[in-house]
Amino acid sequence: MDDVEREGFASEEGGENPPHDTASEATFVRAEVVSPSLKRASDVAAERPHDGFAAIAPMPEVEAIRTHRLFAEWYGRLEAAEADREFCRHQMTHLLDVARIAYIRVLERGLPFRKEVVYAAALLHDVGKAAQYEDGEPHEVAGARIAQEILLDVEGFDPREKTMIVAAVAQHRRWSDASTPLGKLLYEADKASRPCFVCSAREACAWSDERKNMGIGI
Ligand SMILES: [Fe+2]
Ligand SMILES: [Fe+2]
């Protein structure tokens, strides 16, 4: 990802983006990152009188991505391209399934990612899919480029987080031991998100039987 090194992004090597130290990062996250996110959600719930609806904790930096003109443009093109698709689609339901599965795994494993970073990566991971339909460019390549353009305009992520998100988008399509921890998490959540056991196109699907999700799990 040599094109990641742009204004507002951290270098992949050294600089503002030191090598991952999962053990120490996990400790940091439990103490400094995950807890404030959880606290915010409970604060929101506590501040709102119970009226039968659950309150959600807003994520303005993620909303800034969703409402960015480039995201809206590419999302619209993808929605049109998949209007008659019988196989898995890549609209908001899928993006949020991936975000929620990924964040459940973050909490269960004590991984060092802010909720907003996980949701941003999930929201952006298939943003290049329309480019793949239209001219054959691999969607993880187009997606990383589009994600980078969007994130240049979005406040609320530091340069290291923006670099992590773009790299994860680029890595989400294939498993690699060399991928970043967020890239691996995104890959796993993406694959786990598909309820193959209720899919009417299951028999014609390109996924092997071993890879299909044939029951409920996390
Ligand atoms: Fe994808
Ligand atoms: Fe996906």
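The values are calculated or read from the model by the stated rules, or taken from the named source; none is laboratory data. Here the structure is a predicted model, which is why all the values come from computation and not from measurement. Note: ideal-geometry Cβ built from the backbone for every residue, glycine included; neighbour counts use all protein chains shown.
Below are the figures for this structure:
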{"read-out": "Residues of the stretch 106-137 that turn out to be in contact with a helix residue (DSSP H, G or I) (Cβ under 6 Å, 6 or more places away or on another chain) and either among the basic types (Lys, Arg) or in a loop (DSSP other than H, G, I, E, B) (or both), as a count", "value": "10"}
{"read-out": "Matching residues in the stretch 43-84 - criterion: being at pLDDT below 95, of a type outside the set (Gly, Ala, Ser) and in a helix (DSSP H, G or I)", "value": "Asp43, Val44, Glu47"}
{"read-out": "Output for the stretch 138-154, where each listed residue is more than 13 Å from ligand 1 (Cβ to nearest atom) and of a type outside the set (A, V, I, L, M)", "value": "Arg145, Gln148, Glu149, Asp153"}
{"read-out": "Only listed residue being away from ligand 2 (no atom under 13 Å from the Cβ), part of a loop (DSSP other than H, G, I, E, B) and closer than 19 Å to Arg100 by Cα, chosen from Gly156, Gly215", "value": "Gly215"}
{"read-out": "Of all residues in the stretch 85-105 being part of a loop (DSSP other than H, G, I, E, B) and within 15 Å of ligand 1 (Cβ to nearest atom), the one that is surrounded by the most Cβ atoms within 10 Å (Cβ to Cβ)", "value": "His90"}
{"read-out": "Among the candidates Ala204, Ala192, residue that is under 23 Å from Arg85 (Cα atoms) and loosely packed, with under 15 Cβ neighbours inside 10 Å", "value": "Ala204"}
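Results for (1) assigned to a helix (DSSP H, G or I); (2) within 11 Å of ligand 1 (Cβ to nearest atom); (3) farther than 18 Å from Pro138 by Cα; (4) at pLDDT below 95, shown as yes or no for each residue.
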{"residue": "Glu161", "(1), (2), (3), (4)": "yes, no, yes, no"}
{"residue": "Ala167", "(1), (2), (3), (4)": "yes, no, no, no"}
{"residue": "Arg173", "(1), (2), (3), (4)": "no, yes, no, no"}
{"residue": "Gly183", "(1), (2), (3), (4)": "yes, no, no, no"}
{"residue": "Glu203", "(1), (2), (3), (4)": "yes, no, yes, yes"}
{"residue": "Ala206", "(1), (2), (3), (4)": "no, no, no, yes"}
